[in-house]
Structures are given as C-alpha cells and as structure tokens.
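A.B. asks: One structure coming up, written as structure tokens, with questions to follow.
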Amino acid sequence: MKNKIKQLVAVSVVLSCLFSGTVFARDIPKYNEAKNTYVDSELLPEAEQEAHDIIQGIGKSTAMGAAISSIRNGGQGIIKIWAETDMFKPVDWACLTVYLEQWDEKTSSWQIVAEYEKEFLPEDEEDGELTSVMLDLAFPGQPMGYYYRARVMHELEFDGDWYEIRVTKTEGILMEYVP
C-alpha cells in the first residue's frame with residue numbers, strides 16, 4: 001500500500017512538472033487603444049463648438065447596442081462631456097471611463113488632463129435592470145485657447161464572465177471663453 005502511494009505521488013510530481021508552464025497575460029487591444037493618447041483626431045474649425053462620436057449596431061456584440069460620446073463648450077470656461085452606453089439586454093456591471101484630453105502642439109499628441117470613472121450596477125436602477133448608462137460631466141477651470149477632445153471607454157460585464165469594451169473619441173474642438 002505504501003509503495004502505491006509513493007508511486008502515485010511520484011507520478012503526480014512528474015506530471016505536474018511536465019504540464020506546468022509560465023502563463024503570460026495577453027494584451028487586450030481595445031483596452032490598449034483606449035489608453036493610447038496617440039489615436040488620431042481631427043482638429044475641427046474654430047467655429048465648431050461641439051463634436052460627437054457614435055458607434056451603433058456594433059458587430060459581434062452580444063450586449064452593447066450603442067456607445068456615444070460628445071464634447072462641447074459649456075460657456076464661461078466650462079468643458080462639457082456627455083457619454084452613454086446602451087445595451088441589447090440587461091448586464092451585470094457597466095463602467096464609463098472619460099478622458100478629457102488637450103492637444104499639445106509641441107509634441108503633436110493628445111495629453112490627458114482630466115479623467116473620471118463611474119461604475120454602474122443593477123442595484124442602482126429602479127427596476128433592477130442595467131440596460132443603459134449615462135454621464136453628463138462638467139470640467140471647469142481648464143485653460144482656454146486649446147483644442148480638447150473626449151475619449152470614453154464603454155465597458156460591460158454580463159452572463160457571469162462575458163466582457164465587452166468599445167472606445168469612442170470625438171474630434172478636437174477649440175475651447176475659447178464664451179460668456
């Protein structure tokens with residue numbers, strides 16, 4: 001009996017050594033894109049006071065129906081950003097991460113100047129079903145005379161372990177003081 005236990009332990013150790021390996025985390029391209037400030041945006045003419053980005057009818061999506069973001073000059077030195085995610089079906093968790101970015105002429109790139117994240121749960125909803133989330137944000141105190149854009153990560157979790165993410169980004173608009 002002792003020999004069989006020793007053999008079982010020896011075989012277990014050998015199999016563990018043979019089938020073990022290092023596991024490396026895989027990059028999630030869409031998440032990396034969301035963090036990438038070098039994603040191009042057009043700088044709109046000075047007369048444009050608002051910009052939008054809408055992704056509808058998302059292919060291969062199981063739950064996300066639309067991802068929307070907009071940026072506008074709210075007047076009196078306030079930058080307004082609006083973000084919304086609509087779902088085909090109720091989800092277990094949703095998150096909106098909003099990045100306010102300023103165009104840097106020297107480096108020819110977008111720089112994150114403000115960030116806001118909000119998580120949503122079904123318990124937060126009156127009917128207990130999470131089918132749409134929205135944020136309406138104001139960013140006062142940003143210096144005027146620069147181009148700004150909004151970049152938003154729209155994230156969902158549902159059915160226990162399914163995860164979806166989409167990124168919207170507006171074009172850049174010049175923010176000037178409007179009384």
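The values are calculated or read from the model by the stated rules, or taken from the named source; none is laboratory data. Since the structure is predicted, the reported quantities are computational estimates derived from the model, not experimental observations. Because the Cβ atoms are built from the backbone with ideal geometry, glycine has one as well, and the counts that use them run over all protein chains shown. Just so you know, the surface numbers come from the protein's heavy atoms only, side chains and all, with ligands and any DNA or RNA stripped out. Shrake-Rupley method; radii C 1.70, N 1.55, O 1.52, S 1.80 Å.
A.B. asks: Looking at L96 and the list (1) in contact (Cβ under 8 Å) with a residue 60 or more places away in the chain; (2) assigned to a strand (DSSP E or B), which single condition is not satisfied?
C.D. replies: It fails just one condition, (1).
A.B. asks: For L130, all conditions in the list (1) within 23 Å of G75 (Cβ to Cβ); (2) out of contact with any Ser or Thr (no Cβ under 9 Å at 6 or more places or on another chain) hold save one; what is the number of the exception?
C.D. replies: Going through the list (1) within 23 Å of G75 (Cβ to Cβ); (2) out of contact with any Ser or Thr (no Cβ under 9 Å at 6 or more places or on another chain), L130 breaks only (1).
A.B. asks: Given the residues I173, I81, I165, which is the only one that is within 18 Å of the chain's Cα centre (by Cα), assigned to a strand (DSSP E or B), of a type in the set (V, I, T) and more than 16 Å from S61 (Cβ to Cβ)? Steps first, answer last, please.
C.D. replies: Values: I173 fails: within 18 Å of the chain's Cα centre (by Cα); I165 fails: more than 16 Å from S61 (Cβ to Cβ).
It is I81.
A.B. asks: For the stretch 105-121, enumerate the residues that are open to solvent by less than 40 Å² (accessible area, probe 1.4 Å) and either of a type in the set (D, E, K, R) or within 15 Å of T170 (Cβ to Cβ) (or both).
C.D. replies: W110, A114
A.B. asks: Here are the criteria: (1) surrounded by fewer than 22 Cβ atoms within 10 Å (Cβ to Cβ); (2) at pLDDT 95 or above. Tell me which single one I78 does not satisfy.
C.D. replies: (2)
A.B. asks: Filter the stretch 43-66 down to residues that are farther than 26 Å from Y146 by Cα, modelled with pLDDT of 90 or more and part of a strand (DSSP E or B), then give me how many there are.
C.D. replies: Taking the stretch 43-66 as the starting set, the residues that turn out to be farther than 26 Å from Y146 by Cα are 55-66.
Now drop any that are not modelled with pLDDT of 90 or more, which leaves 55, 63-66.
After this cut, where a residue has to be part of a strand (DSSP E or B) as well, the list is 55, 64-66.
Residues meeting the conditions: 4.
A.B. asks: So which of M153, M144 ends up being assigned to a loop (DSSP other than H, G, I, E, B) and of a type in the set (A, V, I, L, M)?
C.D. replies: Going through M153, M144 in turn, just one is assigned to a loop (DSSP other than H, G, I, E, B) and of a type in the set (A, V, I, L, M): M144.
A.B. asks: Return the residues of the stretch 122-179 that are of a type in the set (V, I, T), free of Cβ contacts under 8 Å to residues at least 60 places away in the same chain and either closer than 21 Å to K106 by Cβ or buried (at least 18 other Cβ atoms within 10 Å of the Cβ) (or both); say none if nothing qualifies. Full working, then the answer.
C.D. replies: Let us first name the residues in the stretch 122-179 that are of a type in the set (V, I, T), namely 131, 133, 152, 165, 167-168, 170, 173, 178.
From what's left, free of Cβ contacts under 8 Å to residues at least 60 places away in the same chain: 131, 133.
V133, the sole residue that qualifies.
A.B. asks: Testing Q102 on (1) open to solvent by less than 20 Å² (accessible area, probe 1.4 Å); (2) touching a Phe, Trp or Tyr at 6+ places or on another chain (Cβ under 7 Å); (3) of a type outside the set (V, I, T), one condition comes back false. Which one is that?
C.D. replies: Tallying (1) open to solvent by less than 20 Å² (accessible area, probe 1.4 Å); (2) touching a Phe, Trp or Tyr at 6+ places or on another chain (Cβ under 7 Å); (3) of a type outside the set (V, I, T), Q102 fails exactly one: (1).
Here's the yes/no breakdown for (1) touching a Cys at 6+ places or on another chain (Cβ under 9 Å); (2) modelled with pLDDT under 95; (3) over 28 Å from D40 (Cβ atoms):
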position	(1), (2), (3)
K89	no, yes, yes
M144	no, yes, no
Y147	no, no, no
R151	no, no, no
Y177	no, yes, no
